[in-house]
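Read through the structure below, which is laid out as structure tokens, and then see the notes.
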Amino acid sequence: REAKLIHRLLTAALIEARSCERFRVLSENLADKELAKFYRDLMVSEANHYTMFLRLARKYADLPQRVNQKWNALLEYEAALIGTLGDQKAIHG
């Protein structure tokens with residue numbers, strides 16, 4: 001049960017972290033300052049979400065250092081998967 005909770009929290013953290021990155025890219029590359037600020041505010045919100053999920057995973061894990069190992073393994077898996085998708089730039093997909 002604990003492992004399932006930790007896995008779900010780490011998956012949620014990864015989703016939020018990637019949203020944070022996308023909103024950062026948008027906010028830094030828009031000429032419309034109002035829209036850029038909107039995306040920057042969303043970036044900050046997503047950053048808070050992903051760090052909250054990581055904190056919760058560490059809090060509810062019997063060994064918080066295992067959460068860091070699982071998080072790093074998840075990031076490595078994601079990087080390997082993304083590496084198979086080509087180099088076309090896109091916000092989603």
**OP:** Please identify the pairs in which a residue from the stretch 1-25 that is of a type in the set (Val, Ile, Thr) has its Cβ atom under 6 Å from the Cβ atom of a residue that is in a helix (DSSP H, G or I), counting only partners at least 6 apart or on another chain.
**Re:** ILE6/ALA57
Subject >> Filter result (part of a helix (DSSP H, G or I) and within 16 Å of LYS89 (Cα to Cα)) within the stretch 4-33 >> reply: ARG18, SER19, GLU21, ARG22, PHE23, ARG24, VAL25, LEU26, GLU28
Original post:
Somewhere in the stretch 82-91, is a residue within 18 Å of ARG24 (Cβ to Cβ) and open to solvent by 100 Å² or more (accessible area, probe 1.4 Å)?
Top reply: yes
**OP:** Hey, could you check the stretch 11-33 for residues that are open to solvent by 80 Å² or more (accessible area, probe 1.4 Å) and of a type outside the set (D, E, K, R) and say which is nearest to the chain's Cα centre (by Cα)?
**Re:** ILE15
Original post:
Looking at this structure, is SER19 of a type outside the set (Val, Ile, Thr) and touching a Cys at 6+ places or on another chain (Cβ under 9 Å)?
Top reply: no
Subject >> Which listed residue, of GLN69, GLN88, GLN65, is out of contact with any Ser or Thr (no Cβ under 8 Å at 6 or more places or on another chain), of a type in the set (S, T, N, Q) and assigned to a loop (DSSP other than H, G, I, E, B) >> reply: GLN88
**OP:** Given the conditions (1) in contact (Cβ under 8 Å) with a residue 12 or more places away in the chain; (2) in contact with a Leu (Cβ under 6 Å, 6 or more places away or on another chain), report the number of the one that ALA36 does not fulfil.
**Re:** (1)
Original post:
Is it the case that the stretch 34-41 has a residue that's assigned to a helix (DSSP H, G or I), closer than 30 Å to ILE6 by Cβ and open to solvent by 50 Å² or more (accessible area, probe 1.4 Å)?
Top reply: yes
Original post:
Does any residue of the stretch 46-62 turn out to be open to solvent by 50 Å² or more (accessible area, probe 1.4 Å), within 18 Å of ALA3 (Cα to Cα), over 18 Å from the mean Cα position of the chain (by Cα) and among the acidic types (Asp, Glu)?
Top reply: yes
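The values are calculated or read from the model by the stated rules, or taken from the named source; none is laboratory data. Note that this is a predicted model, so its numbers are computed, not measured. Cβ coordinates were reconstructed from backbone atoms using ideal geometry, including for glycine residues, and neighbour counts include every protein chain displayed. For accessibility, only protein heavy atoms count, side chains too; no ligands or nucleic acids. Shrake-Rupley method; radii C 1.70, N 1.55, O 1.52, S 1.80 Å.
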